[in-house]
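Chemist: Pasting in a structure now, in structure tokens, and then I'll have a few things to ask.
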């Protein structure tokens, strides 16, 4: 079978030495930044067109809080969930974010904590804010998976009988594998964004959108992990599950519970602005 042999991509967009200081920009970092920029522009547009009550200052502050939550939570999540023994022996490496190693589930926890603080400062409802950003998060997730593909990391399991199997230059074994980064881009990025976008103009109780996001992401991640090579330092848990699947299963259970909880609460949003359709009374014949 003819497999797809990938060229070795340069993970750096540029790298320059400025006054003895090496300054570099990676494609993965660029994808992260692009995701935040697109999210910011969407929020500004919604504010301008009176779709949400957040002001421009509110939006700028929100992006900062989310960014800090993603970076700090994502890094600590990777340290704790995926490679704790190594970082206990090398604590200085915890802060070496540029060397790679981020966890979505850690980033999620970090974002929830950051938005809890943000909501307290702005006197908003935590899940009302989470509902807003949950529509846009899949954009960043999808772009992040493209960054993973360019870096040729987090590739899939061996797949001899798949015509689109790829051989990654970074794979020491040089075996044909599932392009799991592309699978996750399609599932967590394209499909999840489509689902969340369809909720945008619907008058839903507070917390429902965030719950749908949690259910969707966890479900897609569990599926994608069956095609993705597990982290070598962890391997399989219970013989067939990955750490990503276990964390996603916990997330799925919590998200399903939250969905029914918020559906019962039926709390009205203070952020989303819904158009009121004026219906003229029918004229008698």
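Chemist: Can you confirm whether residue 131 is modelled with pLDDT of 95 or more, outside any helix (DSSP H, G or I) and either out of contact with any helix residue (DSSP H, G or I) (no Cβ under 8 Å at 6 or more places or on another chain) or closer than 25 Å to residue 34 by Cα (or both)?
Modeler: No; evaluated as a whole, the condition is false for this residue.
Chemist: For the range 31-46, does any single residue satisfy the condition of being assigned to a helix (DSSP H, G or I), surrounded by 11 or more Cβ atoms within 10 Å (Cβ to Cβ) and more than 22 Å from the chain's Cα centre (by Cα)?
Modeler: No: the range 31-46 contains no residue that is assigned to a helix (DSSP H, G or I), surrounded by 11 or more Cβ atoms within 10 Å (Cβ to Cβ) and more than 22 Å from the chain's Cα centre (by Cα).
Chemist: Residue 207 is checked against (1) surrounded by 16 or more Cβ atoms within 10 Å (Cβ to Cβ); (2) out of contact with any helix residue (DSSP H, G or I) (no Cβ under 8 Å at 6 or more places or on another chain) and fails just one. What number does that condition carry?
Modeler: (2)
Chemist: Taking the options 93, 122, name whichever one is under 24 Å from residue 266 (Cα atoms) and over 18 Å from the mean Cα position of the chain (by Cα).
Modeler: None of the other options fit; the residue is 122.
The values are calculated or read from the model by the stated rules, or taken from the named source; none is laboratory data. Every value quoted in this text rests on a predicted model; they were computed, and no experiment measured them. Every residue, glycine as well, gets a Cβ built from its backbone with ideal geometry; the counts of neighbours run over all protein chains shown.
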